[in-house]
Amino acid sequence: MSSSGPATPPQPPRPPQPDPDAHRLARQSVRWAVIGVVVSSVLALAGLYQSSHGGGGRNSADGGTGWSTGPAPGPDTGPGAPSPSPSPADASSGATDVSDPGGTPGGDPSPDDGTDGTDGAGGSGGTDGLTAAEHELRDSLNPGQWSRESCSHARWQGAEAALFCTVTTVDAYGVPGAGKASVVMYGTKYDRDVVFQSYAGRLQPGNCDAQNGVYGTWRENNTGDSAGDVVCFLSNTGQYVFLCSYYDRPALVQISGADRTRLVAWWHTMEPVFSR
């Protein structure tokens, strides 16, 4: 054995080397924690947005109204008793009854501001239950067709005067036809148009002679000139309705019946409505 000089003292032990897998796991844990925070924030913001916008869905009550008008929806004036079917004939006159009683275009009376012949504009009437404005309206009707003695107070929202009268006409073949009609007068054409457009605005343009659930114009038979607008539809009471406006005055005329063919034919014989 040989000697090679003094011995070298031992070195202190080195610290252990870090495990690379442990660092990778730590980084992954941090990454997933960050992703979790981001997802939670997004979900919370989405929930707040849905709450502030009422759930984001459209309620079925927004989808329109209930009466049938053919190709387009029409207004529903509310529940009411259906008008009776037309009777075969009027025994006293021999005229066929082609229309049915009715108030508003939907078949229901429209509330006014008073009862028993009074309203907000006209005040009390006479023994016939009519207001002064209704007397004036009645006296403007064509006495050759409109039975003025039959006219009674009708209820139409916002009208200055409204009557429900018996009308008897004769067609081109000399065959008489009788029925009931409503005639309504408003303070202005604007007031009248608000009511008319509440119906026409939901329908498609068309020809009421051949189509239902449409709006168009109507003409005077003797002149051929357009005299007003008309809407025709099937009401929620099962009655066909024609509602006509006039260009020269703030008036509406409405007829209704269960037989559309007879109603159209009778409508063409109803003129003139006004004699002055």
Which length gain, in nm to one decimal place, applies between Ala132 and Ser150 when the Cα-Cα distance is subtracted from 0.36 nm times their residue separation? 4.8 nm
The stretch 122-201 - percent of accessible surface contributed by carbon and sulfur, probe 1.4 Å: 52
Between Val170 and Arg249, how high is the FRET efficiency from 1/(1 + (r/R0)^6) when r is the Cβ-Cβ distance and R₀ = 25 Å? Nearest 0.05. 0.50
Counting Lys and Arg as +1 and Asp and Glu as -1 over every other residue whose Cβ sits under 13 Å from the Cβ of Asn221, the net charge comes to -4
Taking H as built 1.01 Å from N, whose amide H comes closer than 5 Å to the amide H of Val214, not counting residues under 5 places away? Cys232
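Show me 249-256, 209-216 ranked by packing, highest mean number of other Cβ atoms within 10 Å first.
249-256, 209-216
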Count neighbours as other Cβ atoms within 10 Å of each site's Cβ, and list the chymotrypsin sites (Phe, Trp or Tyr not before Pro) in the stretch 136-182 that are DSSP loop with at most 13 such neighbours. Tyr173
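The values are calculated or read from the model by the stated rules, or taken from the named source; none is laboratory data. Predicted, not measured: the structure shown is a model, and the values here were computed from it. Virtual Cβ from ideal backbone geometry, glycine too; neighbours counted across all protein chains shown. Side chains are part of the model used for accessible areas, which takes the heavy atoms of the whole protein and leaves out ligands, DNA and RNA. Shrake-Rupley method; radii C 1.70, N 1.55, O 1.52, S 1.80 Å.
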